Amino acid sequence: MAHALKLAAATAGAAAVAVGALCNSGTIKIYDGEQPATADTAVDAQHLLATLTFDATAFGSPTGGVITAAAITKDSAADYTGTAAWFRVLASGGSTKVLDGSVGTTGCDLNVATVSFVAGAEISITSMTITMPLA
């Protein structure tokens, strides 16, 4: 039988709180190229485009298993020119992988004004949400 995991609302909320706490004072690294198979898979040929930083309290309280990011400190100078395709979140300290997700201008896990990044340009995030699977 195929996987069909669905979380109860209270469980989804607790999971969202736990994920949000792992992001506190962490970083968001935005890359070009293909997103790895899992968040534990090493970055390979992808280029790091920009690094942004979460607030000490990265996310607000969950609503229906969804958390929305608080203020995210911009990257004042992008590292590389390329097309943003995916991101990886690292916990505070930079060594613990938390999650990966999609990058786009709308409807993605992480939304930016443009996916065309230019080295040296300022990069900011317009919105970011994380959604837990509900029943």
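Structure notes:
- Residues in the stretch 45-66 that are over 17 Å from Gly120 (Cα atoms), among the aliphatic types (A, V, I, L, M) and either in a loop (DSSP other than H, G, I, E, B) or without any contact (Cβ under 8 Å) to a residue 40 or more places away in the chain (or both): Ala45, Ala56, Ala58.
- Some residue of the stretch 83-94 being surrounded by fewer than 21 Cβ atoms within 10 Å (Cβ to Cβ) and over 27 Å from Pro133 (Cα atoms): yes
- Residue satisfying all of: in the stretch 113-135; among the polar types (S, T, N, Q) and part of a strand (DSSP E or B); surrounded by the most Cβ atoms within 10 Å (Cβ to Cβ) among these: Thr129
- Cβ-Cβ contacts under 6 Å between residues 6 or more apart (or on different chains), taken from a first residue in the stretch 1-25 that is modelled with pLDDT of 90 or more to a second residue that is surrounded by fewer than 13 Cβ atoms within 10 Å (Cβ to Cβ) and of a type outside the set (Phe, Trp, Tyr), are listed as Asn24/Ala56; Ser25/Ala56.
- Condition met for Thr27 (of a type in the set (Ser, Thr, Tyr) and surrounded by fewer than 16 Cβ atoms within 10 Å (Cβ to Cβ)): no
- Within the stretch 113-125, residues that are at pLDDT 95 or above sit with their Cβ atoms under 8 Å from residues that are assigned to a strand (DSSP E or B) and of a type in the set (Asp, Glu), at 6+ positions apart or across chains, in these pairs: Glu122/Asp75; Ile123/Asp75.
- Any hit, the stretch 70-78, residues being under 18 Å from Val17 (Cα atoms), within 10 Å of the chain's Cα centre (by Cα) and not charged (D, E, K, R): no
The values are calculated or read from the model by the stated rules, or taken from the named source; none is laboratory data. Keep in mind that this is a model prediction, so the values were computed, not measured. Because the Cβ atoms are built from the backbone with ideal geometry, glycine has one as well, and the counts that use them run over all protein chains shown.
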